[in-house]
Structures are given as C-alpha cells and as structure tokens.
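Quick notes on the structure that follows.
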Amino acid sequence: MKHFILATILAGAMALPTFAADYTIMAPANPGGGWDQTARSMQTVLQQEGISPAAQVQNVPGAGGTIGLAQFANQSKGNANALIVGGYVMVGAILTNKSPVSLTDVTPIARLTGEYEAIVVPAASPIQTMGDLVEALKKDPGSVSWAGGSAGGTDHIAVGLIAKAAGVDPTKINYIAFSGGGEALAAILGSQVTAGISGYGEFEAQVKAGTLRLLAVSSAERLANADAPTLKESGIDVVVENWRMVAAAPGLTPEQTAAVSADIEKMVKSASWQEILKTKGWQDTYLAGDAFKAQLEKDVTATEAVLKDIGLVK
C-alpha cells in the first residue's frame, strides 16, 4: 500500500505543469531606445501569455551595448533565466570599441524584429527635404550634425552610407552618438543638432504631433505607416534595415537552450506579440536556431566591411 501511495504521489507530481521561467531581460542601453522598447515588449508579452509571469527588465547602458554584454556574459553563465536584447547596433559597437566580449560569448536564440531608419529634423528647421539635407552635407559635411545611437551602430552606418552615396567623404561626417533614444530625441527636439536618425518607431509620435519633420526612410519601398519618400526616391541609393535579437546566457545545456528557444517561439507566435509589432511598426524577421547563427556570422562579416569603408574600423 505504501508503495502504491508513493507511486501515486510521484505520478501526480510528474503530471503537474513545469514552472514557468522568471526571466530577467537585460536591455544594454538607457530607457527609451529600441533595445529598451524591445525588452519591455518582451516582458509584456511573456507575462500576458503566462510564459514568464514575473519577467523583469534591467537597463545597463553604455558603449553600444558592449558594457551590458560584458556584464551579462561574465555574470550570467549557466543561468537559463537570463536573457539579453541586442542586434545590428551591437555588432558594430563590438567592432568599433574593440570589445573583448562578443556575441560568440553568449547563446544566440533568435532574431526578432527589423526596423528601417528614419531621417528627421526639428519642425522649425529650414531643411524641408532630404535633398536640402544632402545639399548642406555636400557643401560642408562638418556643419551637418547628426544625432543617433551608439558609434558604429546602424544609425552611424546609415549616415556613412548616405554620405558615400552623395559623393561625400564618409570619414568627414559629424555624427553625435547617444546611448539612449530618449537623449537623442531631446537633442533633436531642442535643435541642438541638424538632423536625427533612428528607427521610425522612435520618432513616430513626434512626427504625428508635428514637432519633427520626417525627410526619408531607409526602406526599399515606402512604409505604410510613414508618410515620406525612401532614400532611393530622394536620389540616395541606400537601403538599411536594423534588426534586433535575443540571446541567452553562456554555458547553457542543450536542454536549457531548447527550453528558452521554445519560450521565445511561443512569444513571437502569440497574438499579443504580433499586435505589438503592428503598433511599433516593426517588421517580423523571426529567425531561430542554426539558421540564425549562420546569418549572424554573415552579418558580422558584412558589418566589418562597411565600418572599414566609412573609416570606423581599421
């Protein structure tokens, strides 16, 4: 009888659902930017869908995400509940900052979203079109100041490519890097810079409110949610798409990695996540597993070539 009772208890225990992971998601930037928005969107959906009822977000800003990345890689080894948001910006920052820690020191899980760049000026600016901005850039590259994200990131790369396409030496651009989207936005709205560049989602509210003027977007075709020409339409042959990813801690077992991957897949396939993508204007670029790792290697190689071309990496 004792054996029967024990077996019944064990069988009942095995039938219980496994406990959901209490994820802590690191956004390696200040509040307000794309990584912070991504991390907080993940937090919202993971909680709403019951995947991680107590998900938390931690901000560790600085050096294009490489400070947070180093902290994450060094302190989270083997912790299956630790996640970090990163992306194209981090790939460039690792190269330009000569970071001793790279994305090979964490466990890439999936690419999540894509977002095109938007070029804006304050509403009071005399610059009315992308053509006006390019004309000023050609006349005196240093006189045109650009506010964007971290040095070597997507924003910086896009400005360098715009300059090159316009026949301007990309090493002469006057790019001012900000570690958080909120800080960059304040500088643009305060007319402390000539123009701003970032993902359209970070400017959309101000563009709709009339405090910023949207000059162009970096997509191949016009965006449905943005009333502006593409750079190509404006005579600048440049297409740039930022992308964002999520990685887990180093040192996970295959089983732990599979469990995290399954949770992220549940998240991205949920109606809640799809609604956030629509609201934010983010493209669904979900790519996971070995396919994502292979693409990541290609992106690192391509980014290094671009950064050398615009003089940011020797």
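The values are calculated or read from the model by the stated rules, or taken from the named source; none is laboratory data. Predicted model, so just to flag it, every value in this text is computed and none were measured. Every residue, glycine among them, receives a Cβ derived from its backbone with ideal geometry; neighbour counts consider all protein chains shown. In case anyone asks, the SASA skips ligands and DNA or RNA and just uses the protein heavy atoms, side chains included. Shrake-Rupley method; radii C 1.70, N 1.55, O 1.52, S 1.80 Å.
How large is Rg/Rh for the chain, to two decimals, with Cα atoms and a Kirkwood Rh? Let's see the in-between values first.
Numbers: Rg = 21.5 Å, Rh = 20.4 Å.
Looking at the chain, the ratio lands at 1.05.
Give me, ordered by chain and number, the residues 5 or more places off THR285 or on other chains with an amide H under 5 Å from its own placed amide H.
Placed amide hydrogens put THR113, GLY114 under 5 Å from THR285.
Quick one: pull the percent of accessible area on segment 28-117 belonging to carbon and sulfur, 1.4 Å probe, ligands and nucleic acids left out. The partial results should precede the final answer.
On the way: 1400 of 3100 Å².
Its accessible area is 45 percent carbon and sulfur atoms.
Find the accessible area per residue for the chain; the probe is 1.4 Å, ligands and nucleic acids are left out, and the unit is Å². Please report the intermediate quantities before stating the final value.
Numbers: 14080 Å² over 314 residues.
Using a 1.4 Å probe on heavy atoms only, each residue of the chain averages 45 Å².
Can you give the Rg to Rh ratio of segment 109-171, both from alpha-carbon atoms, with Rh computed by the Kirkwood formula? Intermediate results must be reported in sequence, preceding the final value.
On the way: Rg = 13.4 Å, Rh = 13.1 Å.
Rg divided by Rh gives 1.02.
If we restrict to alpha carbons, what Rg and Dmax does segment 227-286 come to, in Å?
Final numbers for Rg and Dmax: 17.0, 51 Å.
Do any GluC sites (Glu not before Pro) in segment 142-251 lie in a DSSP loop with no more than 12 other beta carbon atoms within 10 Å, and if so, which? Each step should come with its number before you reach the end.
Details: sites: GLU183, GLU202, GLU204, GLU221, GLU233, GLU241; in loops: GLU221, GLU233.
Of the GluC sites (Glu not before Pro), the ones in loops of segment 142-251 whose Cβ has at most 12 other Cβ atoms within 10 Å are GLU221.
Report, largest value first, the span of the C-alpha coordinates of segment 66-192 along each principal axis, in whole Å.
Here the Cα extents, ordered largest to smallest, are 54, 27, 22 Å.
Relative contact order for the chain: what percent, with Cα pairs under 8 Å and sequence separation of 6 or more? Walk me through the intermediate numbers first.
Values: 619 pairs, mean separation 80.6, N = 314.
That works out to 26 percent.
Given charges of +1 on the Cβ of Lys and Arg and -1 on the Cβ of Asp and Glu, with all other atoms neutral, how large is the dipole of segment 110-165 about its Cα centre, in debye to the nearest 20? Could you put the intermediate results ahead of the total?
Values: 4 positive and 6 negative charges, 29 e Å.
Its charge dipole is roughly 140 debye.
Once amide H atoms are placed 1.01 Å from N in the peptide plane, what residues at a sequence separation of 5 or more from LEU252, or on another chain, have their amide H within under 5 Å of its amide H?
GLY78
Mean projection of the alpha-carbon convex hull of segment 34-73 over all orientations, in nm²? Working shown, then result.
Numbers: hull surface 12.0 nm².
Result: a mean projected hull area of 3.0 nm².
Any idea what the relative contact order of segment 138-238 is, in percent, if you count C-alpha pairs under 8 Å spaced at least 6 apart?
Taking the mean separation of contacting Cα pairs over the length of segment 138-238, I get 27 percent.
List the residues, sorted by chain then number, that are 5 or more residues from GLY149 or on another chain and whose placed amide H is less than 5 Å from its amide H.
It is ASP155, HIS156, PHE178, by chain and number.
Within the accessible area of segment 203-301, what % is carbon and sulfur when the probe is 1.4 Å and the other protein chains stay in place?
51
Using the Cα centre of segment 81-147 as the reference point, and only Cβ charges (+1 on K/R, -1 on D/E), how large is the resulting charge dipole? Debye, rounded to the nearest 20. Don't skip to the answer; put the middle values down first.
Numbers: 4 positive and 6 negative charges, 33 e Å.
Around 160 debye, computed over segment 81-147.
Please build a GNM for the chain, connecting alpha carbons under 10 Å apart, and tell me which residue among ILE236, ILE109, ILE25 fluctuates the most.
In this elastic network of the chain, the residue with the biggest mean-square fluctuation among ILE236, ILE109, ILE25 is ILE236.
Please give the calculated 222 nm ellipticity per residue for the chain, where each DSSP H segment of at least 4 residues contributes -39500 (n - 2.57) and the sum is spread over every residue; nearest 500 deg cm²/dmol?
Working: 11 runs with 135 residues, N = 314.
So the calculated ellipticity at 222 nm is -13500 deg cm²/dmol.
Who wins for biggest fluctuation among PRO254, PRO108, PRO170 in a Gaussian network model of the chain, springs between alpha carbons below 10 Å?
Most flexible of the set in this elastic network: PRO254.
How charged is the neighbourhood of GLU233? Take every other residue with its Cβ under 11 Å from the Cβ of GLU233, and add Lys/Arg as +1 and Asp/Glu as -1.
On the way: positive: ARG222, LYS232; negative: GLU221, ASP237.
Result for the local shell: 0.
Could you work out the local net charge near ASN30, counting Lys and Arg as +1, Asp and Glu as -1, over the other residues with Cβ closer than 11 Å to its Cβ? Before the final figure, lay out the partial values.
Values: positive: none; negative: ASP36, GLU183.
Result for the local shell: -2.
Lys and Arg at +1, Asp and Glu at -1: add these up for the other residues within a Cβ distance under 15 Å of ALA55 and post the number.
Details: positive: ARG40, LYS266; negative: ASP22, ASP36, GLU49, ASP263.
Residues close to ALA55 contribute a combined charge of -2.
With point charges of +1 on the Cβ of Lys and Arg and -1 on the Cβ of Asp and Glu, referenced to the Cα centre of segment 90-193, which listed residue (ALA151, LEU112, VAL168) lies farthest in the positive direction of the dipole?
Sorting the options by dipole projection puts first VAL168.
Which value, in debye to the nearest 20, gives the size of the charge dipole of the chain about its Cα centre, when Lys and Arg are +1 and Asp and Glu are -1 at the Cβ? Spell out each step's value before the answer.
Working: 22 positive and 29 negative charges, 74 e Å.
For the chain, the charge dipole is close to 360 debye.
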